[in-house]
Amino acid sequence: MPREAPKPAKMALTLIALDRPTPDFAAVFTRNALPGAPIVIGRRRLGEPALGAILVNNKISNVCAPGGIEAAERICAETARLLGFKAGEILPSSTGVIGWGLPVEAMLQALPAAVAALEGGSILPAAEGIVTTDLFPKVRRATVGGGSLVGIAKGAGMIEPNLATMLVYLLTDLAVPRAELRAMLSRAMETSFNAISVDGDTSTSDTVVLLSSGRAPCPDRAAFETALATLCRDLAEDVVRNGEGVRHVIRVTVRQAADAGFARALGKAIVNAPLFKCAVAGNDPNVGRLVQAVGKYVGAQAPGADLSRLRLSLGGVEIFSDGVFQLNPEKEQALAAHLRAAELYASAPKDGVFAPPVDYPPHERCVEVEVDLGCGTAIATVLGGDLTHEYVSENADYRS
């Protein structure tokens, strides 16, 4: 129970441990300039000879709390003692309210039970243990040759990652050396966790960790990297689909851009545009808000850019080309139908509070937006969510 919490809050401890520490591990962390203590420690751990376990707590992110680094290191040391590892071989990871301090004594008392509960049959308990406002646990798996990759993720709000997203843990039995593992993870970030946004806010705790036990040979490194990239993209989409209050996932594909960085940034500008997000939430094909978002970003970042070849589509229906809207009543009906078909659930207030009536997404459809700039060869795809009553309610009452 966090001492600062104004209402009862039960913390979960989740321990992910290898049979023995591995030298082959990789991690990327948030670019937020005020990171949590686990991020500070995690960056140090990248220089350690090996990593053997990850200890995750929810409810409290241990960000800028007095004595936060010392508290996390004390908990890591006790975890290491119980596992027979070194303190530097334990990675702390925290998520939850920013500013609260960890209940260190209570966590130390809970560690023996966490160690005793370790089992290798399923990763689902870990996926369930790391969630906070998530509606459902997120698990993905890929097979490569004689080995496999499995990943779990936590994330629902405060999501526009820079190099990572919320908390993501990737495990493999395939033997890939540390240097290659880190390079592959860095490349996988660009088309997955670095290409999503729920609300435009970059968390102080974003973490992605990849551990290799090295038990299975990996003769095809290219196949491994392809599987890793696919796993990351799938988990990233799961995070968006599980975003706080998200009823529509928006997929923006920007084509024929001058470079991939500009394409990705424009995609994020669209999925972060509040008025467009609200229109999507209401199944209202108000495409003027889409055009506004494109024009705003290009005007600010590439003033003077030639948009004479700009083409926009929503749900496969062309809505803008040759500098003007291309709309008619039939297209308006098709656009509205596309938005309704992509809706994960209908908004329905219960006791005056908007809450999703589902605990797992019924489908994987998206609101499909295509932007063709006609000025290059680069392409990028970005995922985001709409802006709903549920999102506002969840974050207005997050602590109280």
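Quick one: what does P(r) look like for region 1-103 with 5 Å bins over all Cα pairs, in whole %?
2, 13, 24, 24, 18, 11, 5, 1, 0
How high is the FRET efficiency between ALA106 and ARG141 when r is their beta carbon distance and R₀ equals 51 Å, given to the nearest 0.05? Spell out each step's value before the answer.
Working: r = 34 Å, r/R0 = 0.66.
In this case the efficiency is close to 0.90.
With labels modelled as points extended 7 Å from the Cα through the Cβ direction, what inter-label distance (nm, one decimal) is found for GLU128 paired with TYR360?
Result: 1.2 nm between the two label points.
Over region 182-245, what number does the Rg to Rh ratio reach, with both radii from the alpha-carbon atoms and Rh per Kirkwood?
Working: Rg = 13.6 Å, Rh = 13.2 Å.
Value, to two decimals: 1.03.
For q values of 0.10, 0.14 Å⁻¹, compute log₁₀ I(q)/I(0) with the Debye formula on a Cα-only model of the chain, without solvent.
So the normalised log intensities work out to -0.69, -1.21.
For the residue pair ALA179 and TYR345, what label-to-label distance in nm results when each label sits 7 Å from Cα along the Cα-to-beta-carbon direction?
4.9
Within region 193-227, name every residue whose backbone N is under 13 Å away from a label modeled 7 Å from Cα of SER186 along the Cβ vector.
none
Once you have the Kirkwood Rh of region 122-260 from its Cα pairs, apply Stokes-Einstein at 4 °C and 1.567 mPa s and quote D in µm²/s.
84
How high is the FRET efficiency from ALA260 to SER308, r the C-beta distance, R0 25 Å, rounded to 0.05?
0.70
Report, please, the projected area of region 206-280 averaged over directions, based on the convex hull of its C-alpha atoms, in nm². All intermediate terms of the calculation are to be shown ahead of the outcome.
Working: hull surface 30.0 nm².
For region 206-280, the mean projected area of the Cα convex hull comes to 7.5 nm².
Among 379-390, 65-76, 105-116, what's the highest-first ranking by average C-beta atoms within 10 angstrom per residue? Spell out each step's value before the answer.
Numbers: 379-390: 23.7, 65-76: 18.4, 105-116: 13.9.
The peptides rank, most packed first, as 379-390, 65-76, 105-116.
For region 249-396, report the % of Cα-Cα distances exceeding 20 Å.
That tail contains 49 percent of the Cα-Cα pairs.
Take ALA334 and THR253, extend 7 Å from each Cα along the Cα→Cβ direction, and tell me the distance between the two endpoints in nm.
For the pair ALA334/THR253, the computed spacing is 1.6 nm.
At q = 0.24, 0.26, 0.28 Å⁻¹, what base-10 log of I(q)/I(0) does the Debye formula yield for region 59-130 when every alpha carbon is treated as an equal point scatterer in vacuo?
-1.23, -1.31, -1.35
On the principal axes of its Cα set, how long, how wide and how thick is region 62-182? Give whole Å, largest value first.
In descending order, the Cα extents are 46, 37, 29 Å.
For region 13-241, what ratio Rg/Rh do Cα atoms give with a Kirkwood hydrodynamic radius? All intermediate terms of the calculation are to be shown ahead of the outcome.
On the way: Rg = 16.1 Å, Rh = 17.3 Å.
Reported Rg/Rh, Kirkwood definition of Rh: 0.93.
No lab work stands behind these numbers, since they all come straight from the coordinates. Keep in mind the model is a prediction, meaning the values are calculated, not measured. All Cβ positions, even for glycine, are placed from backbone atoms using ideal geometry, and neighbour counts span all protein chains on display.
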